[in-house]
Structures are given as C-alpha cells and as structure tokens.
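Chemist: First, the structure itself, so that you have it in front of you.
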Amino acid sequence: MHKNFKNIEKVIYGRGSFASMESILSERRNDNGGFFLFLIDQYFKGKELETRIPAQPVDVVEFIDVDPEEPTTDQVDRLRDKIMQSKGIPSGVVGIGGGSIMDLAKAISLMFTNKGSSTLYQGLNLIRYPGIYHLGVPTISGTGAEVSMTAVLTGPEKKLGLKCDWTVFNQVILDPELIASVPKDKWLFTGMDTYIHCIESENGLLNNAFSHAYAEQSLKLCREIFLGKHAGHNPENDDKLMVASLMGGLSLTYSEVGICHALSYGLSKILGEKHCYANCLVFQHLEDYYQEGVREFKQMLFKHQVELPQGLSNKWKDDEITAMSQVAYNLSHMWNHAIGPNWKEKINIESIKALYKRI
Ligand code: NAD
Ligand code: ZN
C-alpha cells in the first residue's frame with residue numbers, strides 16, 4: 001500500500017528560465033525522427049512568447065485552443081495519427097500551456113509508442129511501453145499537472161487519466177514570467193485548485209508526514225499569495241504560486257484528494273465544467289466536511305472580489321444530477337480517504353445529490 005512515486009526527472013525554476021529550452025532540446029534532436037512536436041496554447045499565437053519558442057523548420061508546431069473542451073482521447077488519437085503518418089515518431093513532445101496542454105503533451109508522448117486508441121489506456125498502469133521524451137512548461141499555475149503522474153483525458157465512456165510512471169515529465173521548466181498574463185479570475189480559480197488539493201490532502205486517512213510537509217508549505221504560500229500583505233497577482237506572488245502548485249500536486253500524490261474533487265469530476269463529465277472552476281463551485285458548499293478550509297477559501301474570493309454564481313442546480317435536470325452523483329460515487333478512493341473505509345455507510349447517491357443541489 002505504500003506509494004512508489006516517479007518524480008519529474010529534471011526541473012528548472014526561475015524568471016527567464018524559458019530560454020534554457022533550446023539547449024535542453026539540442027541534446028535530444030537526434031532521437032527518433034529528428035524533430036520535435038510543440039503543443040502550445042492558442043492564447044500565445046501572435047504573442048511575444050511565440051517568437052521565443054526554439055522550434056526549427058523541421059519541427060511541428062501546433063497551436064491548440066483549450067477553451068471549447070478539456071483534452072479528449074479522440075483529440076490525442078487524431079493528432080498522434082496525423083504526425084505518425086506525415087513524419088513518424090518525434091524526438092520529443094513539448095507542451096507549453098496550462099493543465100490542458102500539459103495533459104495533452106503527456107498523453108501523446110505515451111501514445112507514440114503504444115498502439116491503438118488512448119481509450120484503451122485510461123486507468124492505472126495500463127500503458128505497456130515507455131513513451132517518448134516530454135517536456136512541460138506551465139503558463140498558468142494551480143492544477144499540479146506539471147508534476148502529476150496522470151494525463152487526464154475525457155473519453156466516450158469516462159474522464160480518466162493515463163496513469164503510470166512514464167506519464168511524468170522528463171523535464172519541466174518553471175518560469176514565473178509566463179503566468180503574468182493570466183487574467184484575474186482564471187488566476188484565482190486555478191490557484192484555488194492548489195489550495196483545495198492541500199486541504200483535501202490534509203483532511204483524510206492517507207495524510208502522512210510526507211504529504212503534510214508539502215501541503216503545509218504550499219498552504220503557507222497560498223495564504224501569502226491570496227491573503228497576505230502583498231496579496232494579488234504580482235511578480236513576487238507568481239514566483240510563489242508556481243512552487244505552491246508543484247508542492248500541492250506532490251502533497252496529493254502521496255495522499256489523496258477528497259469530496260470536492262469527486263463532485264467536481266461529476267460536474268466536468270456531465271456538464272463539461274472546467275476542472276478548477278468546477279472545484280470552486282463545489283468547495284464553497286462543503287463546510288460540513290472542510291469547515292476551516294471553506295471559511296478561508298471564501299475569504300480569498302472576497303479579498304479578490306470574485307463571486308461564484310448561486311442557484312445553478314435549479315436549472316439542472318434530475319437525471320443530470322443523478323448522473324453526476326454516480327460519477328462522484330464511483331471515485332471510491334477519494335471517499336475512502338475523506339470519510340474512511342466505512343464511507344458507504346455514510347454516503348450514498350442521495351446524499352451526493354443533496355450536495356449537488358446546494359450549488
Ligand atoms: P487550461 O490549460 O485549461 O487553461 C485555462 C485557460 O487559461 C485557457 O483559456 C488558456 O488559454 C488560459 N491561459 C493559460 N495560460 C495563460 C497565460 N499565461 N495567459 C493568459 N491565459 C492563459 O487550465 P488549467 O486549469 O491549468 O488546466 C485544466 C485542465 O487540467 C483540465 O483538463 C483538467 O482535467 C486538467 N487537470 C489535470 C491534472 C493532472 O494531474 N494531470 C490535475 C488537475 C487538472
Ligand atoms: Zn484539482
């Protein structure tokens with residue numbers, strides 16, 4: 001039952017560290033087909049960062065609009081097939097963007113060496129062969145996708161990650177300059193994902209000295225960033241948020257997330273809500289379970305004058321709420337952590353529906 005976790009192989013941290021990418025990639029340029037695949041958030045098309053991407057004429061650069069939907073198995077399969085047919089297997093994949101782009105980069109790096117559709121590999125340790133080299137550059141901080149061993153994909157049947165040791169990035173570049181342009185609402189919602197990771201990791205069965213050490217430090221940083229004397233989206237705090245996100249991700253890796261993430265998965269799967277925003281919609285109503293955390297979370301929202309909508313569930317159909325509850329209920333590892341091994345005596349579809357109806 002002890003987790004044996006593969007960490008990121010190499011991490012560069014600091015302002016301007018994005019410039020190191022060229023020399024890092026140069027060591028790999030002769031691998032496989034001798035070209036790199038760059039997956040970049042569409043937001044950066046035409047921005048200054050585009051001119052700094054060290055792509056060579058032989059490389060493939062794909063700008064991806066992450067807003068219509070979270071990454072899908074179909075998207076990964078189509079992109080993999082297109083590149084394989086036109087150029088073969090790349091030397092590596094570089095993902096520049098938020099959790100969506102990082103998950104796409106992680107997933108596609110595995111799918112260049114594992115046959116068939118990515119739907120076959122949604123789950124734990126189903127991937128059969130190591131993927132190709134992959135490098136991640138977060139441009140919005142909070143999900144911890146930069147450090148996690150999962151690449152979350154929405155498939156026709158389930159929203160579930162390709163989870164194994166080979167999913168973890170070979171290299172991550174943490175350059176706080178890149179998150180400066182994130183708009184305030186996204187900055188807060190995504191940052192709150194880190195905060196919620198820590199609260200959930202701390203409040204449950206699987207919390208231990210190792211996960212606690214990361215959560216404690218990440219929470220300290222979150223409090224400085226969102227409530228402290230210099231609270232706000234400024235360079236000093238951007239430096240801290242990148243580290244908080246990484247540490248929050250490490251904390252939950254060695255512990256587990258809880259009730260908020262279980263319900264949030266239901267909202268994403270059935271109604272297509274984005275992960276971080278869905279978490280915020282849910283977390284505000286979980287005071288019965290995370291009393292102190294919810295109180296502080298509300299303080300953070302208030303401080304930054306961001307309001308969450310109320311009464312949303314009035315517009316949801318009963319069968320949608322039931323479907324969401326079923327998704328949440330099936331995440332038994334999260335309930336087990338949050339409530340305990342006898343969680344089924346305390347939680348059922350009806351009690352989960354009641355939580356959704358608070359939203
Ligand atoms: P995202 O990648 O979906 O991007 C959110 C928005 O921010 C987009 O509109 C994007 O264009 C914009 N953006 C990104 N960087 C920007 C910048 N520097 N300036 C301006 N705008 C910028 O955001 P996310 O919340 O980081 O990721 C969500 C995804 O991550 C979901 O698909 C979720 O399933 C996944 N996720 C994965 C893990 C994991 O462990 N693998 C954990 C949590 C969430
Ligand atoms: Zn999360």
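Chemist: Looking at the stretch 31-80, which of its residues are charged (D, E, K, R), in contact with a Phe, Trp or Tyr (Cβ under 7 Å, 6 or more places away or on another chain) and part of a loop (DSSP other than H, G, I, E, B)?
Modeler: Correct list: ASP31, LYS45, ASP59.
Chemist: Further, regarding this structure: Can you tell me which residues in the stretch 224-235 are charged (D, E, K, R) and loosely packed, with under 14 Cβ neighbours inside 10 Å?
Modeler: Within the stretch 224-235, LYS229 is the sole residue that qualifies.
Chemist: Enumerate the pairs (first residue in the stretch 334-359 and more than 17 Å from GLU200 (Cβ to Cβ); second residue anywhere and among the small types (Gly, Ala, Ser) and surrounded by 13 or more Cβ atoms within 10 Å (Cβ to Cβ)) with beta-carbon separation below 6 Å, excluding pairs fewer than 6 apart on the same chain, so at least 6 apart or on different chains.
Modeler: Sorted first by the residue in the stretch 334-359, then by its partner, the pairs are ILE349/SER325; LYS353/SER325; TYR356/SER313; LYS357/SER313; ILE359/SER313.
Chemist: Which one is farthest from ligand 1 (Cβ to nearest atom), of the residues in the stretch 253-286 that are among the aliphatic types (A, V, I, L, M) and not in a helix (DSSP H, G or I)?
Modeler: LEU286
Chemist: Here's something else I'd like to know. Give me the pairs: first residue in the stretch 90-103 and surrounded by 24 or more Cβ atoms within 10 Å (Cβ to Cβ), second residue in a strand (DSSP E or B) and β-branched (Val, Ile, Thr), beta-carbon distance under 6 Å, and six or more apart or on different chains, which are they?
Modeler: ILE96/ILE40; ILE96/VAL137; ASP103/VAL152
Chemist: When you scan the stretch 62-89, how many residues do you find that are in contact (Cβ under 8 Å) with a residue 40 or more places away in the chain and away from ligand 1 (no atom under 16 Å from the Cβ)?
Modeler: Result for the stretch 62-89: 5.
Chemist: Another one. Looking at GLY131, is it of a type outside the set (A, V, I, L, M, F, W, C), away from ligand 2 (no atom under 16 Å from the Cβ), on the phi < 0 side of the Ramachandran plot and in contact (Cβ under 8 Å) with a residue 12 or more places away in the chain?
Modeler: yes
Chemist: Report yes if some residue within the stretch 200-211 is within 17 Å of the chain's Cα centre (by Cα) and modelled with pLDDT of 95 or more; otherwise report no.
Modeler: The answer is yes, given that some residue of the stretch 200-211 is within 17 Å of the chain's Cα centre (by Cα) and modelled with pLDDT of 95 or more.
Chemist: OK, next. Just one of the numbered conditions (1) modelled with pLDDT of 95 or more; (2) under 21 Å from the mean Cα position of the chain (by Cα) is not true of LYS269; which one?
Modeler: Unmet for LYS269, out of (1) modelled with pLDDT of 95 or more; (2) under 21 Å from the mean Cα position of the chain (by Cα): (1).
Conditions (1) within 14 Å of ligand 1 (Cβ to nearest atom); (2) at positive phi; (3) over 20 Å from the mean Cα position of the chain (by Cα); (4) modelled with pLDDT under 95, marked per residue:
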| site | (1), (2), (3), (4) |
| --- | --- |
| CYS198 | yes, no, no, no |
| TYR214 | no, no, no, no |
| GLN217 | no, no, no, no |
| LEU221 | no, no, no, no |
| ILE225 | no, no, no, no |
| HIS230 | no, no, yes, no |
| ASN234 | no, no, yes, no |
| ALA244 | yes, no, no, no |
| SER251 | yes, no, no, no |
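Chemist: Check the stretch 289-310 and report whether any residue there is of a type in the set (Phe, Trp, Tyr) and closer than 23 Å to ALA151 by Cβ.
Modeler: No, there is no match, as no residue in the stretch 289-310 is of a type in the set (Phe, Trp, Tyr) and closer than 23 Å to ALA151 by Cβ.
Chemist: If ASP238 satisfies every condition in (1) of a type in the set (D, E, K, R); (2) closer than 21 Å to VAL11 by Cα; (3) surrounded by fewer than 18 Cβ atoms within 10 Å (Cβ to Cβ) but one, which is the exception?
Modeler: (3)
Chemist: Any idea which residue in the stretch 177-223 is farthest from ligand 2 (Cβ to nearest atom), counting only those that are among the polar types (S, T, N, Q) and surrounded by 18 or more Cβ atoms within 10 Å (Cβ to Cβ)?
Modeler: ASN207
Chemist: Consider the stretch 253-308. How many of its residues are basic (Lys, Arg) and either surrounded by 23 or more Cβ atoms within 10 Å (Cβ to Cβ) or within 16 Å of ligand 2 (Cβ to nearest atom) (or both)?
Modeler: Summing the residues that are basic (Lys, Arg) and either surrounded by 23 or more Cβ atoms within 10 Å (Cβ to Cβ) or within 16 Å of ligand 2 (Cβ to nearest atom) (or both) in the stretch 253-308 gives 2.
Chemist: Which count do you get for residues in the stretch 287-332 that are in a loop (DSSP other than H, G, I, E, B), touching a residue at least 40 places away in the same chain (Cβ under 8 Å) and within 19 Å of SER351 (Cβ to Cβ)?
Modeler: Count: 4.
Chemist: Here is a follow-up. Would you mind stating whether PHE169 is under 25 Å from ILE12 (Cα atoms) and either away from ligand 1 (no atom under 11 Å from the Cβ) or not hydroxyl-bearing (Ser, Thr, Tyr) (or both)?
Modeler: yes
The values are calculated or read from the model by the stated rules, or taken from the named source; none is laboratory data. What you see is a predicted model, and the numbers here were worked out from it, not measured in a lab. Every residue, glycine among them, receives a Cβ derived from its backbone with ideal geometry; neighbour counts consider all protein chains shown.
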